Amino acid sequence: MDAIEVTLTQPFAEAEAEVRRALATEGFGVLSEIDVAATFKSKLDLERPALKILGACNPVFAHRGLSADPSLALVLPCNVALEDVGEGRTRVALADPRAMFALGDPDRTSQDLALADDVYAALRRVADRLGA
């Protein structure tokens with residue numbers, strides 16, 4: 001999967017708070033949250049390091065995309081995965097919207113491509129803030 005990745009030298013809870021702040025700076029809110037570790041524990045009685053998937057959405061970008069092509073709802077919101085990688089470090093992976101928008105699809109318009117590039121640029125800035 002194509003992603004923008006950064007590893008933070010922060011424990012999981014602190015990294016999650018930092019990710020949420022960085023997303024908000026770029027106009028993204030968190031619409032959904034999946035605590036994978038808690039789900040594995042409750043459903044499978046399996047222990048694993050913290051892993052959470054945040055569904056981030058920027059309403060301006062979402063409106064642009066859905067106005068052009070309602071089927072883009074299938075790739076919304078943008079997933080942001082946080083994983084405890086040990087020793088007080090957290091890996092953050094932000095899904096690359098250019099891959100989600102199927103840039104190899106000849107039916108995609110220049111408007112779709114421009115939107116994918118704009119969303120990518122915003123998520124890249126989020127990652128850059130996290131890595132600073």
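Measuring between their Cα centroids, the stretch 9-34 and the stretch 65-85 lie 16 Å from each other. Working from label points 7 Å from Cα in the Cα-to-Cβ sense, the ILE34 to VAL85 distance is 2.1 nm.
Of all stretches in the chain that contain no GluC sites (Glu not before Pro) in a DSSP loop with at most 15 other Cβ atoms within 10 Å, the longest one is 1-46. Once the Cα atoms are used to define both axes, helix 110-131 deviates from the longest principal axis of the chain by about 30 degrees. Kindly express, to the nearest 10 degrees and within the range 0 to 90, the angle between helix 59-68's C-alpha long axis and the longest C-alpha principal axis of the chain. Orientation of helix 59-68: about 40 degrees from the principal axis.
With charges set only on the Cβ (+1 for Lys and Arg, -1 for Asp and Glu), what does the dipole of the stretch 3-131 come to about its Cα centre, in debye to the nearest 20? Before the final figure, lay out the partial values.
On the way: 14 positive and 20 negative charges, 30 e Å.
Once rounded to the nearest 20, the dipole reads 140 debye.
Label positions at SER71 and THR25, each projected 7 Å from the Cα along the C-beta direction, are separated by 3.6 nm.
Here the extension length gained between GLU5 and ARG124 equals 41.9 nm, from 0.36 nm per residue of separation less the Cα-Cα distance. Enter the angle in degrees (range 0 to 90, nearest 10) between the Cα long axis of helix 12-25 and the first principal axis of the Cα atoms of the chain, meaning the one along which they spread out most. The angle comes out at about 20 degrees. Just one of [x] 13.3, 43; [y] 15.5, 48; [z] 38.7, 121 is Rg and Dmax of the Cα atoms in Å as worked out from the coordinates here. Which one is it? Derived directly from the coordinates: [y].
Any read-out appearing in this document is the output of simple, stated calculations on the displayed coordinates, not a laboratory observation. Predicted model only: the values in this text are computed from it and were never measured. All Cβ positions, glycine included, derive from the backbone under ideal geometry; neighbour counts span all protein chains shown.
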